[in-house]
Each structure stands twice: as C-alpha cells, then as structure tokens.
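Report on one structure; see the data block that follows.
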Amino acid sequence: MSWLSRIANVFRSRSVDSDIDAELESHFEEARAAGRDPAEVSREFGSRLRAHEAVRDAMVATWLESLVADARFGWRQLLKHKAASAAAVLSLAFGIGACTAAFRLIDAMFLRPLPVADPGSLYVLTYGFIDDSGKADTAENFSYPDFRLFRAAVKGEAELVAVSYAQWMDIAYGGEETERVRRQYVSGWAFAEFGLQPALGRLFTEADDLTPGAHPYAVLSYDYWSRRFHKDPHVIGRTFRNGNDLYQIVGVAPRGFTGMETGTFTDVFVPTMMAPSVEELYRNWLLTWVRLRRGADPERVRQQLHATLLGHRRELVKAWVGVPRREIDDYVSAPVFLEPAAAGFSGTQTYYRSALMILGVLVVLVLLIACANVANLMTAQAAARGREMALRVSIGAGRARLMQLVLMESILLAAVSSVIGILFAWRAAPFVVGMLNAPGWAVRLSLPADWRVTTFAVALTFAVTLLFGLAPALRASAVKPASTLKGGDDPHSRRRLLHALVAAQVAFCFLVHFVAGLFVSTFERLANQPTGFSAARVLALETSSRTGQPTQLWYQALDHVRALPGIESAAVAGWALMSGTGWMQRVWANGHTPDENPRLWFLGVSPGWFATMKIALLDGRDFRPDDTYPRVAIVNQAFARYYFEGRSPVGRTLETQYDGYHRGTVQIVGLASDARYAEMRDAITPTVYVPFGNRTGEAAKGTNWGTFLVRTQSQDPMALASLLRREIPRARSEFQVSNVFTQEEAVRSRTVRERMLAMLSLFFATVALVLAGVGLYGVLDYAVVGRRHELGILIALGACNGDIVRRVTVEVFSMLLLGAAAGLALGLGSARYIATLLYQVKPTDAPMLALPVITILSAAILAALPPVLRAIRIDPSEMLRTE
C-alpha cells in the first residue's frame, strides 16, 4: 500500500476499522462454510485483536496516527483549562505578533533585495569627509561631471548608473490643478541595466539621456499609475507640465519597482539630462550606483574610482579662492567606499537603523517573557499530571512517546498563538510605518505577506515551541513511576525551575523598563526644548511657480493674504524653520574665519517675518522691501556671542560667499533673539537672515519657490488651509500652493524617531510588566496549592501570618531581586549601544535606576497579594475533612 494511502487512512480510521473487521469476519465465515470447527479456526487464527492491529499497522501511517491522537488529546487539555490556556495564547500571540511585525519592518527596510536582476552585485559609491563638528562622516552625492568620469574609468569592469534622490515635484496635467509627485532622475540605460521590463509602453534607453533638455520623457511607477490613473492604458502619450518643461509619458515601470531609495516610493522617473544645471561642476545631486561585471574585483574598482576622484578634485581646487587650506586638503584626500546596496540605499535606512534594531530587541525580550510565562504554566501542569504520566510509563509508553504528547500540546498552543499573532502583525507593521512620517517626508515601505514573512513566522513558532515546551516535555518523560505513584517526586526541583523562570522574566522585564525609561526621558527633554519662536497657530504654505518671479510679486501675494479674514499676521520665507530644508554659507566676521566655524545657517525672510514668528528684534531694524542680499543681513544672538563676544553687531559687517566662491560684504542691520533652525538635539547655532528673494544684480530673475508663514486667529490653523490654497493663486496666478502643514507639525517632525521609540518602548514595557506579573502570580499560586498540606499543618500548630507569608514568598522574591540585579547589569551594559539615540540622559542617574525597581516591585506585590491571602486563609480542619 502506498504512503499516500496510508496517510489518507489516518483520517478515515472508522472506515478502516470496519473494513478490517469485515475482512477478518469473512475469513472466519469461509472457514465455517468449509465445515471446520469454529474453536479450531480461532486457535489457528490466533488473537482477533492482535490480527486486527497487525493489519491496521500495515494500512495506516502509525506515526501520523499517534500525532493526530496526541493533538486531539492536547486540544481537550487546552479546553479543560480555558482560563490558563487563554492567558497563555494571548501572551504568546502578542510576543509572536510583535516579533513578526518587527521582522516585516526590518526586512522591508534593510534585508529585502531590490526587485532588479542580480541585486547582490549592486553597490553605491560614497566618500568620506569631516563634518562641521570635526567628526568623520560619509556622503554619497556627486555631480554629473563626476559621474561621467567615474563611468569612463571603470568601463569594462563595472557599469555605473546615475540615480538622484527622490524629491517632490509640482506637476499639472492639462488644465488640472497642480499636484505633488515624487520624481527621480535616472540614467537612460538604468532600466535595461537593472533587467526591468515595462508594464506598459516603453522604458528609457541610452539615447534618451545624451543631451541636456532634449528628451522630456517620463516613466510612471506602477504604484502611481494604479493610484492616479487606475491602470488606464491610454495614459501613454499624455503630457504634464513641470515649470517650463512639458513631459510626455512613454511608459510604466514594472510592478513592484518603486525606485532605488528604500523607504520612498517614486512616482515619476525622468532622464538625468532633464535635470536643471545638470553639467554644473559643484552641484552634487545624484548617487552613483555601481554594478560589477562578472569576475570583477570590488577593491580594484574602488581604487580606480578613488584615483579618478582624487585627480578630478585636484584640478577643481586650483580655481578656489578664500577656502581654508584644511578644508581643501580634506576635500581632495577624501577616501572612497563601495557600499553594498542589494536592499537599496537611502537616508531613511541610516536614520532609522538603530531605532528599528532596538525595537526588534525589545520585542524579542517581550517574547522571551511570554515564553517563560507559558513554560511556568506547562511545568505546573506537567507536575499536576505526574500520576498520569507514571501510569502511561507503567503500561509501556516510552520516553519519546511522552515527550511527543507534551510537545504536541505546546505545538497547538504555539500554532493558535501564531495565527492570532500574524493577524496582529498584519496591522501593527503599517501602524509603525505611519509613525515614521513627518511633513514632507512620508516613509513608505513594501510590506507583503510573502514566503519570507511566512518562513519567519513558521521558524518563530518552532523556536517558541522549543523555548517553552521542551523543558516540561523532558521533565514529563523522565518521570519515575514507582516514586511518583507513591507521592515521592521531589517538589523542590520543580520549584527551582519555576523560580529560575521567574528570575529570567524579571531580568528581561527590568531591561525593557530601563530602556523605555531612557527613551521616554529623551523624548520628554527634546520635546520640551525651547525653540525660540512660537509655533502655535502658524500655517506653512509651500508655494512654487513655473518660472522665477520677482520679489515684488511675492510681496503682492503676501499683502493679499494679510488682508484675508482670520489672519493675524503673515510673512514669506525660503522655507519654514525646522522643516528639514537649509542653506549654509561660509562667513568671515570680526577676525574669525571659516577655519573656526566652517558654515553657518542662512535663511531668506520677508519684512514682518520676525513678528509673525514672534522672534524678538533686540537691536537694529527689520528688513525693508527694497533690501537686497548680499548688502544687508540680520543675525541672531548666537552669532553675536561667537563673533562679537556678545556685543551687538548692528552697524558692523560680515563677509560671505555667494554665487559659488565669490565673497561679498554684508552690513548687519539687526540683532534677533535665538531661534532653532534645524534640529532639537543641537545647540542653537549662529544664523544669518537675509532679505527674501532679492539678490544684488538678480532682482529681475527672482525665485520660483517660497513658503508663506501665516499666523491665524483661530486655534486650528488648518481650518484656513483650503481658503489660503485658493487665495494665493487668486492673488497671483503664477503661484501654486504645493504643500500645507502647520509649524507645530514641523517642530514635531524633528522628534519623530524619539517619539516612536518612547511610545513603543513604553507600550512594550507595560506589556512586559503585565506578563511578568501574571507569571509571578502563577508561580506563587502553584506554590500555595502544592504546599497547602504543609501550610495547613503549620497554621494548626500556631504559625502566625507573617511566617506563612515568609514561607510562601521568600524564595520567589529572592529570585525577583536576583532577576532585578541581572536586569540592571544588562541595562547598564546595553546603554552604550543606544547612547547615540539618547539626549541629556545618563543611565546611571538615580531616577533611571529607581523607577524600574519601584515599578516592578509594586507589580510584584500586587501579583503576590491573592496567593498570599489564600495561603493565610487555609482552614486546617476543612483540609483534613477533605482528606
């Protein structure tokens, strides 16, 4: 009989048994029909039951049958203890779900290969530099002339592809309103090199990327085509306008390909030759992707690229004027690296790498606490079933058979928990991704439930089963029938295992609480940092025009906005403070050179901007509409402290570079109070404010972008967003509002990572505390039930309540203190690994150490209260009557 038939017969056992009985009966009937004596036939045939079992073993896969039988028995055991089983399932479900959700995030961000041909051969070229604080760092942005030299240098050993950052672009289809899309410039040969085929139309070729501005073609991503055009095949040939450029859609990229920047979904791809100022030497705007040819040596390619960059930069610096020697040396001698990029390459990966890895560790700790909880439950149940196991051994059950019986119950528990956990993970991962979003920086990740996630979930379920089920199974299989049936099994060994699991739970719980306390304190201190301006009721409207507009037209639109009802004040600037955009320049002032402070923050603002943002002007005057840069500027207090020893610099001058490497003299006309420009972590740095838009000799050219800052009378500034979106284009038809957010959102965006870490770690700490409390309750309750005869005798002999409480709790609470000490050591040891994510928080501060101890001890006392009360209320006489 085939194996498939034997396996199928396991699930039709009744029918098989009936067939076997009928077959055996037919043999007896044949013998009787032949005139043979029935007694003689029975003696010759032997035991009917034995014959039935022998035939059945030949027809049925016995190993599978035993598994099915154990599964049914295990399911009945779980249903028999509904409350305990439900607690175990929910504990494990949360742990497994959290781990699966964390894996989905980490896999999508760092592990999942790009959907291109041979992603393992992809690298990104980076170079080292010294940042303004003197620390070594790396960057990946190069100019197109750099890229062209690199490509020629390694031709034959590697192919290079230029890919820009995915950035917002304002486009309009026909007469429709302007919309924002993510645009990415790519080399014409990029799609072919990556082995991609179009879902519709065609993709770029190298001929589309030879001449600047010659081929205004666009390829849509499959995701954008589906969202925006509902997969309309007639999209090919349609056009859209971006500034003065009219692009024609020639194709749709394949499904699943959303660009090379992990964490960002690109909507529109355009050739690199369509980028403005594509040939500019100092415009570093693209990433250089390197695909090694088969057999090529990565180190040799890196050395060739390094030599090319070194020679190119030596030529460039010959034209530099006024640049510090140290900066020139660092620029020329920059090292070059090839970074593996099979899973993509982006700033999002760098920014969130540590945070997501730490969250992964936290969820693993929570899972371990849940496993310890369930292991305690399984151990207690195995002890309660000791007589049952002894009887099974007595009638011939082997050790492997007993292990299988107990492990099958664990497998059922883990399987049910996994199903619930995966459903939890399905919603949890997108929720966490949503927490990563900030104004102007929406993180998007592909989170499919494919074979990678399924394999992880199955492997995790198997590991969890071993973690909490193996120890009880080994103990159950090692039972000694004679000793157990006489009641001689050693209860202390069971208690030692339970207590060890309690210590492990407390240690992990303490570690989770300790780390959560650090992250919550970091977020609290960052969120309460003074910004130097009032963000309340301020709305930021990012606005653009197809061509550069004179500053006077921007001011006309600003006057129109100020006259609208519900507006308290308004101004226009290059961008909002703390919006993630910035402009830095070298400055010479009062004998200080850029050698000391290489670059300062600059921001173009209109008259009235300081009043709108409630930044005090401490000396001098505000800008006037006819002020231009680089003639006048306003500086902050940090600038005055650094360059003028705290004295007012009004009336003095500074020099700065503009238009490349030309220096100009700027008169300081005002002194403003300090305000944060970019980050909450950094100290407020010297900042120079210059007139918005106006440039000496360039006033007619104007600017094609700016941000209106509007302080509303309403507490909800977004209530006026729709009105302002309509009124700004009505004031000047050249302008289109492309993005709207509140200044408070911009400030909060600077602490997105810290907020996420604080919220999730606090949530995990709460869950860990509940799980540890449940585990402690279970152990104490088991101790009371298992020692009720001993405690009853002590009470009958006159033991006081304090003695009973001590006997019940002293061992468990000693394990609790041991676990807390181990958790403290683990916490202090782990602090150095998360130091870069902390802010003004010392792990050794007394509150950081005391809070987890107080929290866990309080929870432990609450968990211990019901079992202790049960112990001191034991009635010896009632117990004896029961006996």
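The values are calculated or read from the model by the stated rules, or taken from the named source; none is laboratory data. Quick caveat, the model's predicted, so the values are computed rather than measured. FYI the Cβ positions are ideal-geometry reconstructions off the backbone, even for glycines, and counts take in every protein chain you see. The area values use the complete protein model at the heavy-atom level, side chains included, leaving out ligands, DNA and RNA. Shrake-Rupley method; radii C 1.70, N 1.55, O 1.52, S 1.80 Å.
Per-structure values
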read-out	value
Positions within region 515-546 being part of a strand (DSSP E or B) and open to solvent by 50 Å² or more (accessible area, probe 1.4 Å), in sequence order	R546
Evaluation of G775 against (1) surrounded by fewer than 19 Cβ atoms within 10 Å (Cβ to Cβ); (2) in a helix (DSSP H, G or I) (one fails), failing number	(1)
Yes/no for G259 being in contact with a Leu (Cβ under 6 Å, 6 or more places away or on another chain), buried (at least 18 other Cβ atoms within 10 Å of the Cβ), in contact (Cβ under 8 Å) with a residue 40 or more places away in the chain and of a type in the set (G, A, S)	no
Filtered residue count, region 271-290, keeping only those that are open to solvent by less than 20 Å² (accessible area, probe 1.4 Å), in contact with an Asp or Glu (Cβ under 9 Å, 6 or more places away or on another chain) and either of a type in the set (S, T, N, Q) or farther than 23 Å from D330 by Cβ (or both)	7
Tally, over region 707-731, of residues that are touching a Phe, Trp or Tyr at 6+ places or on another chain (Cβ under 8 Å) and either among the hydrophobic types (A, V, I, L, M, F, W, C) or over 16 Å from R180 (Cβ atoms) (or both)	3
Subset tally (residues that are among the small types (G, A, S) and under 20 Å from Y123 (Cα atoms)) for region 242-286	2
R787 vs. criteria over 34 Å from the mean Cα position of the chain (by Cα), modelled with pLDDT under 80 and buried (at least 16 other Cβ atoms within 10 Å of the Cβ)	yes
Matching residues, region 109-128, being surrounded by fewer than 22 Cβ atoms within 10 Å (Cβ to Cβ) and in a helix (DSSP H, G or I)	F110, L111, P119, G120, S121
Flag for P298 being modelled with pLDDT of 90 or more and under 18 Å from S143 (Cα atoms)	no
Residue that is open to solvent by 10 Å² or more (accessible area, probe 1.4 Å), in contact with a Ser or Thr (Cβ under 9 Å, 6 or more places away or on another chain), closer than 26 Å to T547 by Cβ and not hydroxyl-bearing (S, T, Y), where the choices are R228, R151, R183	R183
Test: A370 is farther than 19 Å from R444 by Cβ, in contact with a Ser or Thr (Cβ under 7 Å, 6 or more places away or on another chain) and not acidic (D, E)	yes
Any pair with Cβ under 8 angstrom, 6 or more apart, that starts in region 308-334 at a residue that is at pLDDT 90 or above and ends at one that is charged (D, E, K, R) and open to solvent by 60 Å² or more (accessible area, probe 1.4 Å)	V332/R314
Residues located in region 322-372, provided they are acidic (D, E) and part of a helix (DSSP H, G or I)	E327, D329, D330
Pair list, Cβ < 6 Å and 6+ apart or interchain, from region 215-226 residues that are hydrophobic (A, V, I, L, M, F, W, C) to residues that are assigned to a loop (DSSP other than H, G, I, E, B)	V219/L203; V219/A253
G798, sole failed condition from (1) over 38 Å from the mean Cα position of the chain (by Cα); (2) of a type in the set (G, A, S); (3) within 27 Å of V538 (Cα to Cα)	(3)
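Listed here are the residues, each with its yes/no results for (1) buried (at least 17 other Cβ atoms within 10 Å of the Cβ); (2) modelled with pLDDT under 80.
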| position | (1), (2) |
| --- | --- |
| L423 | no, no |
| V432 | yes, no |
| N437 | no, yes |
| L445 | yes, no |
| P448 | no, no |
| R452 | no, no |
| V458 | no, no |
| L467 | yes, yes |
| L474 | no, yes |
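Conditions (1) of a type in the set (S, T, Y); (2) within 36 Å of the chain's Cα centre (by Cα), marked per residue:
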| site | (1), (2) |
| --- | --- |
| P565 | no, no |
| S569 | yes, no |
| M578 | no, yes |
| V587 | no, no |
| H592 | no, no |
| L603 | no, yes |
| P607 | no, no |
| A611 | no, no |
